[in-house]
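The values are calculated or read from the model by the stated rules, or taken from the named source; none is laboratory data. Computed from a predicted model, the values in this text were never measured in an experiment. Cβ atoms come from the backbone with ideal geometry, glycine included; neighbour counts cover every protein chain shown.
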Amino acid sequence: MHDNPETAPDGRPPAPAPEGRWARFRKTPWWPAVVLVFILAAAAGLFAGSYTYTMADPTPHQLPTAVVGSYDQARGRAFLAGLGEALNSSVRTHVYDSRDAALAAVENQKVFGVFELRDNGQHVLLDVSSASGSSVAELLEQAAPAVGRATGVSVTVRDVNPLQDGDPRGLAIFYISLAAVIIGFVGAIQLSVHARALTPLERIAFTAAYALLGGFAIAAVVDWLLGALDLPFVESWLILAFTMFASGMTFTMFNTLVGRWAMLPTWGVMILLGNPSSGGAVSWPLLPSALGVIGQWLPPGASVNAQHTAVYFAGHQHAFPFLVLAGWALVSCAVFWIWRHRHPGGREQRPPDLAPDGGGA
């Protein structure tokens, strides 16, 4: 008869082998704390780097402008060539038949300024639009007169669509959109912590509820209380609510897919990439070209674009930013719903056969 290798001579099971230090460390609360220390350090550097890269030294990359009048005369060609050289060949001129057509292009946000060349190119009337982008308008206001002096062309600058008095730098829209984005996903985080037992449908409904109320609060404070912006209130409110909902559901989607690390992709999409490339603080022609394109497809950029048009270009709203927000919201809801069993929240439903009797014997 042979001894059982799984038992000791006295018949009892052998003692488990002692764990190594690394295995014991992984089971302590120090392990996730150490991981978070390095993640937060990396996040701090990436946060500072992303904003510095996009905003510290804005440089024109592709600046669409309209040209009308004597642009084909020698003096006019010299002025436009000098302007392109001064702005590193970033100016893209589009010829229009009339000044009215060019100004309509400004209203539709196709161009950022109108150069009307008069008197065989000896005089230039530059119409800028601070509402289209204060940083771009400021750049044109500085560059055009300097080029005019160098080429012997007189330049007159005027602002055909100025910013509102309470928002002289054009940053208020960026701030309210930033608030909607951040509170949107922070709200979803708080629901996952303090209302963990919500069912999937309830979680979506409460996300929509705080988005509607939060969007109203942002618009009311900025418009009614502070008077910083004269908002088209209902439209601005709904844009903010839509932004908060899309942001909140984006976190919920990542929470379903990657669990407790959901903050990392949410922060990356919304804060590290989305906000610097949104065009709110620095207009998209001054952003690195790739970011200027990517930003329009992310919720922060879509929110800024929709809000910007609602406030300063009434009647010229575009469907694209709303489609972007709707896409993020629908995809996030769909992913959450399809894989809802993976979400760390929810509550168990008691099977019917285990329900307590409702009657007598």
Problem - Arg196 being under 19 Å from Trp328 (Cα atoms), out of contact with any strand residue (DSSP E or B) (no Cβ under 8 Å at 6 or more places or on another chain) and among the basic types (Lys, Arg) - result: no
Problem - Candidates Leu229, Leu178, Leu201 - the one that is in contact (Cβ under 8 Å) with a residue 40 or more places away in the chain, under 28 Å from Val258 (Cβ atoms), of a type outside the set (Asp, Glu) and out of contact with any strand residue (DSSP E or B) (no Cβ under 8 Å at 6 or more places or on another chain) - result: Leu178
Practice task
Could you please let me know if Asp165 is free of Cβ contacts under 8 Å to residues at least 60 places away in the same chain, closer than 30 Å to Glu138 by Cβ and not assigned by TED's automatic domain parsing to the domain that holds Phe322?
Solution key: yes
Fill in the blank from the handout: Scanning the stretch 308-347 residue by residue, those within 21 Å of Thr207 (Cα to Cα) and not hydrophobic (A, V, I, L, M, F, W, C) turn out to be Pro321, Gly327, Ser332, Arg340, His341, Arg342, His343, Pro344, Gly345, Gly346, Arg347
Fill in the blank from the handout: Those residues of the stretch 92-108 that are closer than 18 Å to Pro60 by Cβ and either out of contact with any Ser or Thr (no Cβ under 6 Å at 6 or more places or on another chain) or assigned by TED's automatic domain parsing to the domain that holds Ser283 (or both) come to a total of 2
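Of all residues in the stretch 58-114 being in a loop (DSSP other than H, G, I, E, B) and without any contact (Cβ under 8 Å) to a residue 12 or more places away in the chain, which is nearest to Ser132 (Cα to Cα)? Walk me through it before giving the result.
Filtering the stretch 58-114 down to residues in a loop (DSSP other than H, G, I, E, B) leaves 58-62, 70-73, 87-90, 96-98, 108-112.
Imposing the further condition that a residue be without any contact (Cβ under 8 Å) to a residue 12 or more places away in the chain reduces the set to 72, 89.
On the way: Asp72: 27, Ser89: 21 Å.
It comes out as Ser89.
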Exercise for the section: Examine the stretch 266-273 for a residue that is of a type in the set (A, V, I, L, M), more than 17 Å from the chain's Cα centre (by Cα) and crowded, with 22+ Cβ neighbours inside 10 Å, and state whether such a residue exists. Expected result: no
Problem - From the options Leu212, Leu178, residue that is farther than 30 Å from Asp97 by Cβ, in contact with a helix residue (DSSP H, G or I) (Cβ under 6 Å, 6 or more places away or on another chain) and of a type in the set (A, V, I, L, M, F, W, C) - result: Leu212
